[in-house]
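Novice: Have a look at the structure that comes next, please.
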Amino acid sequence: MSTDQTTEGTEAPKRSGFEGVKEASRWLRGTLAEELAQPTDHFSDDAKNLLKFHGSYQQEDRDARKNRAKTGVSKHYMCMIRLKLPGGKMNAQQFLAMDALSEQYGNSTLRFTTRQSIQFHYILKSNLRATIRGINDTLLSTLGGCGDVNRNVMACPAPLGDPVRKEMQQLAGEIATHLAPRSHAYHDIWLNGEHLSPDAAQEEGVEPIYGKVYLPRKFKIGLALPTDNCIDVHAQDLGFLAVIENGRTIGYNVLVGGGMGRTHGNANTFPHLGQGICFVEPNEVVAASEAVIKFFRDHGNRADRKRARIKYVVHDWGVEKVREVLARDYFGKPIRLPRDVTITDVDLHLGWHPQGDGKWFLGLNVENGRLKDEGSLRMRAGVRSIVQQFNANVRLSGQQDILLCDIETASRGAIDRLLSEHGIPRPENLSMVRKWSMACPAIPTCGLAISESERALPGIVDALEPELKELGLENERISIRMTGCPNGCARPYQSEIGIVGRSGDKYMLFLGGSTLGYRLNETFQDLVPRDKVIPLLKKVLGQFKECRTPGESFGDYCTRMGIEKLCEIAGVEKPKHGKGEKGEPEA
Ligand code: SRM
Ligand code: SF4
């Protein structure tokens, strides 16, 4: 036990207020239906929190806030809607329907997320039901997109037809179905009692996996290959890392306890990498998911939502105890230890690739996941044309990009021309650093944002590109991830350069992660004004160029040097680690 807030104790601490709201919600109903029927522009606090389980967040247009406040007008309320899209997979018709819905009810953009899903922004409360119905009309769903349940299940999206990926993609769907909430509330509220699946038709009142109070907090699952960790398996609450022999998956190492979120100034919150607990065979994956979820349901912290993720149970108990309790109480049989597996690569899946079935897929970089038309870059219109004309099925990656799939060889030329007509750059013409960058939405939609992110990172990359070129580092794979607050939605604590909103236009800089996702970075500097980020990085990159060992990556170099030395190189003071600001717990 290393912190003062252990996840077990003799006397149960008082449950957080939201636990009572969930329990009294009549299986996620609360007052949602009544409030939807009222001609108001926003929900009450309790309804707002239950709304998350249905895949939507109530937000406020933060750009409009100042002017509205000046003129005495109240907040501009609106909703974000998040799909549940296992493995990021949808067909051409579904994609086109999402695109049309964003035009009809949203802000004419689609936001591809870091978990292979889609978010709609700027949906008015009065349009919420119509949008969710529209989504369900295409047989997609938002149920469990957010809330204290299992979230979108990730799996490598590449449609390569190899048995390893095929199985992972299928398992992603099976896990998602198995762990979906069974309450009828979603169908009753949004679809007027229509039942889409046999699961939904089960007896009311039965949540056999979650129980009445659902989980203590969100829960995230992902499956990855050691040769292509494009979903950041160590960031998942529950990660399955394939163990492959002779081109086939013989089983999966089960990693438990990954997560990024931390709170500035709170040492009891920190990012944490998933730890190897056991090995399971492919046919045990769904049962193992249920077992770990139930373990979390019973042992997660229900008193303090800031410390409620499964990573804190793993950290506080240690791997041995988690393994023992899981085996005894949840697997009901002895656990096999994880195998030796090393992650060796990550593929962004950009550019043209043969699928292995005579067809092709084209991976396109969507900067920070925002599919929009802006100036001469008409990415949204271009993607829509390709999907429409060539019936391209769609997959989204965990790096916020889009894969257009199942394309005939004969169509490639016409598609390349469409890219040019819409000003869409070929991935091979984009800089490495832009391809390996990600930012979260932050301002104006995210209520938790302290600083800009999605709107700031393109400018930072613009400034970094010429510096890297001057240093001859333009072909180096350097991942840069930015978030508007420490919650870590773009997984910044795993990247080689992490930029995290700290206070207005000032950021914390982190260095030393790995593009492969198995190492956390460390705080390099705190409270860095946005315009000082590049000058600071430039000094370190210059030394990297001079002093790296052959083939050494920027992240490995920073780790080898250590933060103290990097600060010396940059001519700045070593950061004083405030509580929880080191990227690792202090205790
Ligand atoms: Fe996230 C909350 C956006 C992936 C950690 N996240 C939020 C909210 C809903 C803000 C809120 O609670 O009011 C953000 C909505 C912003 C907006 O305007 O749209 C938000 N998170 C996102 C997305 C859209 C970022 C993106 O750039 O794509 C991602 C949606 C994923 C999806 O499709 O399901 C997203 N969020 C993540 C990830 C990455 C991942 O899961 O691989 C993380 C880090 C991993 C983890 O969970 O620890 C992440 N989001 C958080 C946290 C911190 C949780 C914690 O344990 O402390 C919050 C805050 C919270 O839950 O209280 C949060
Ligand atoms: Fe919002 Fe923070 Fe997540 Fe960015 S990291 S979307 S600012 S919660």
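Novice: When the residues of the stretch 59-92 are filtered to those that are within 16 Å of ligand 2 (Cβ to nearest atom) and either crowded, with 21+ Cβ neighbours inside 10 Å or free of Cβ contacts under 8 Å to residues at least 60 places away in the same chain (or both), which remaining residue is farthest from ALA185 (Cα to Cα)?
Specialist: So in the stretch 59-92, the residues within 16 Å of ligand 2 (Cβ to nearest atom) come out as 59-63, 65, 78-82.
Okay, now just the ones that are also either crowded, with 21+ Cβ neighbours inside 10 Å or free of Cβ contacts under 8 Å to residues at least 60 places away in the same chain (or both), so 59, 65, 78-82.
Details: GLN59: 22, ARG65: 33, MET78: 22, CYS79: 19, MET80: 19, ILE81: 17, ARG82: 17 Å.
Among those residues, the one meeting the criterion is ARG65.
Novice: Here's another thing I want to ask about it. Inspect the stretch 374-397 for any residue being touching a residue at least 60 places away in the same chain (Cβ under 8 Å), among the small types (Gly, Ala, Ser) and closer than 17 Å to THR109 by Cβ and give the result as yes or no.
Specialist: No, the stretch 374-397 contains no residue that is touching a residue at least 60 places away in the same chain (Cβ under 8 Å), among the small types (Gly, Ala, Ser) and closer than 17 Å to THR109 by Cβ.
Novice: Taking the stretch 256-286 only, how many residues are outside any loop (DSSP other than H, G, I, E, B) and within 16 Å of ligand 2 (Cβ to nearest atom)?
Specialist: Within the stretch 256-286, residues that are outside any loop (DSSP other than H, G, I, E, B) and within 16 Å of ligand 2 (Cβ to nearest atom) number 1.
Novice: A further question follows. Could you tell me whether any residue of the stretch 531-544 is part of a helix (DSSP H, G or I), within 14 Å of ligand 2 (Cβ to nearest atom) and surrounded by 17 or more Cβ atoms within 10 Å (Cβ to Cβ)?
Specialist: no
Novice: Tell me which residues, restricted to the stretch 288-323, are part of a helix (DSSP H, G or I), within 13 Å of ligand 1 (Cβ to nearest atom) and in contact with a Leu (Cβ under 7 Å, 6 or more places away or on another chain).
Specialist: The one that is part of a helix (DSSP H, G or I), within 13 Å of ligand 1 (Cβ to nearest atom) and in contact with a Leu (Cβ under 7 Å, 6 or more places away or on another chain): PHE296.
Novice: Here is a further query. Which residue is nearest to ligand 1 (Cβ to nearest atom), if the candidates are limited to the stretch 444-470 and must be aliphatic (A, V, I, L, M) and surrounded by 19 or more Cβ atoms within 10 Å (Cβ to Cβ)? First the steps, then the outcome.
Specialist: Just the residues of the stretch 444-470 that are aliphatic (A, V, I, L, M), to begin with: 448-450, 456-457, 460-461, 463-464, 468.
Within this subset, residues satisfying the condition of being surrounded by 19 or more Cβ atoms within 10 Å (Cβ to Cβ) are 449-450, 456-457, 460-461, 464, 468.
Working: ALA449: 8, ILE450: 12, ALA456: 13, LEU457: 10, ILE460: 16, VAL461: 15, LEU464: 19, LEU468: 23 Å.
It comes out as ALA449.
Novice: Give the residue, chosen from ASN67, ASN49, that is outside any loop (DSSP other than H, G, I, E, B), modelled with pLDDT under 95 and more than 17 Å from the chain's Cα centre (by Cα).
Specialist: Within the list ASN67, ASN49, the selection yields ASN67.
Novice: Could you check ASP99 against (1) outside any helix (DSSP H, G or I); (2) touching a Lys or Arg at 6+ places or on another chain (Cβ under 6 Å); (3) away from ligand 2 (no atom under 16 Å from the Cβ) and say which number it fails?
Specialist: It fails just one condition, (1).
Novice: May I pose another question? Among the residues in the stretch 228-249, are any over 20 Å from the mean Cα position of the chain (by Cα), touching a residue at least 24 places away in the same chain (Cβ under 8 Å) and within 23 Å of VAL325 (Cα to Cα)?
Specialist: For the stretch 228-249, residues over 20 Å from the mean Cα position of the chain (by Cα), touching a residue at least 24 places away in the same chain (Cβ under 8 Å) and within 23 Å of VAL325 (Cα to Cα): absent.
Novice: Still on this model: Does GLU552 satisfy the criteria of being crowded, with 23+ Cβ neighbours inside 10 Å and either part of a loop (DSSP other than H, G, I, E, B) or at pLDDT below 95 (or both)?
Specialist: The answer is no for GLU552.
Novice: Then there is this: Can you tell me which residue is surrounded by the fewest Cβ atoms within 10 Å (Cβ to Cβ) among those in the stretch 376-409 that are polar (S, T, N, Q) and within 25 Å of the chain's Cα centre (by Cα)?
Specialist: Step by step, filter the stretch 376-409, then rank; the result is ASN393.
Novice: Regarding ILE480, is this residue in contact (Cβ under 8 Å) with a residue 24 or more places away in the chain, closer than 18 Å to LYS545 by Cβ and not polar (S, T, N, Q)?
Specialist: yes
Novice: Also, I was wondering about something else. Mind listing just one residue for me: the one in the stretch 14-52 that is surrounded by 14 or more Cβ atoms within 10 Å (Cβ to Cβ) and out of contact with any helix residue (DSSP H, G or I) (no Cβ under 8 Å at 6 or more places or on another chain) and, of those, farthest from ASN301 (Cα to Cα)?
Specialist: Ranking the qualifying residues of the stretch 14-52, first place goes to LYS48.
Novice: Ok, one more. Consider the stretch 471-483. How many of its residues are among the polar types (S, T, N, Q) and either at positive phi or away from ligand 1 (no atom under 16 Å from the Cβ) (or both)?
Specialist: The number of residues fulfilling the criteria is 1.
Novice: Identify the residue in the stretch 419-443 that is among the hydrophobic types (A, V, I, L, M, F, W, C) and within 16 Å of ligand 1 (Cβ to nearest atom) and, among all such residues, is surrounded by the fewest Cβ atoms within 10 Å (Cβ to Cβ).
Specialist: Of everything passing the filter in the stretch 419-443, ILE443 is surrounded by the fewest Cβ atoms within 10 Å (Cβ to Cβ).
Novice: Take the residues of the stretch 484-510 that are out of contact with any Gly (no Cβ under 6 Å at 6 or more places or on another chain) and within 14 Å of ligand 1 (Cβ to nearest atom): which is farthest from ARG434 (Cα to Cα)?
Specialist: PRO486
Novice: Next question. Residue under question is TYR507, and the condition is that it be within 27 Å of VAL341 (Cα to Cα), at pLDDT 95 or above and of a type in the set (Phe, Trp, Tyr); does it hold? Steps first, please.
Specialist: Numbers: within 27 Å of VAL341 (Cα to Cα): no; at pLDDT 95 or above: yes; of a type in the set (Phe, Trp, Tyr): yes.
Criteria not met by TYR507.
Novice: For the stretch 397-510, list the helices (runs of 4 or more DSSP H) that sit wholly inside it and hold at least 1 residues that are in contact with a strand residue (DSSP E or B) (Cβ under 6 Å, 6 or more places away or on another chain) and within 16 Å of ligand 2 (Cβ to nearest atom); which are they?
Specialist: Where helices (runs of 4 or more DSSP H) fall fully within the stretch 397-510 and carry at least 1 residues being in contact with a strand residue (DSSP E or B) (Cβ under 6 Å, 6 or more places away or on another chain) and within 16 Å of ligand 2 (Cβ to nearest atom), they are 457-470.
Novice: Further question on the same structure: Can you work out which of the residues in the stretch 2-32 that are of a type in the set (A, V, I, L, M) and more than 29 Å from the chain's Cα centre (by Cα) is modelled with the highest pLDDT?
Specialist: Of the stretch 2-32, the ones of a type in the set (A, V, I, L, M) are 12, 21, 24, 28, 32.
Within this subset, residues satisfying the condition of being more than 29 Å from the chain's Cα centre (by Cα) are 12, 24.
Numbers: ALA12: 72, ALA24: 93.
Among them, the one singled out is ALA24.
Novice: Quick one: in the stretch 242-275, of everything that is among the β-branched types (Val, Ile, Thr) and away from ligand 1 (no atom under 11 Å from the Cβ), which residue is surrounded by the most Cβ atoms within 10 Å (Cβ to Cβ)?
Specialist: That would be VAL254.
Novice: For THR342, all conditions in the list (1) assigned to a helix (DSSP H, G or I); (2) among the β-branched types (Val, Ile, Thr); (3) surrounded by fewer than 21 Cβ atoms within 10 Å (Cβ to Cβ) hold save one; what is the number of the exception?
Specialist: Result: THR342 fails condition (1) only.
Novice: Six or more apart or on different chains, Cβ atoms under 6 Å: show the pairs whose first residue is in the stretch 309-322 and of a type outside the set (Ser, Thr, Tyr) and whose second is within 16 Å of ligand 2 (Cβ to nearest atom).
Specialist: From the stretch 309-322, the pairs are ARG309/ARG217; ARG309/GLY259; LYS311/GLY259.
The values are calculated or read from the model by the stated rules, or taken from the named source; none is laboratory data. These figures come from a predicted structure and were not determined experimentally. All Cβ positions, even for glycine, are placed from backbone atoms using ideal geometry, and neighbour counts span all protein chains on display.
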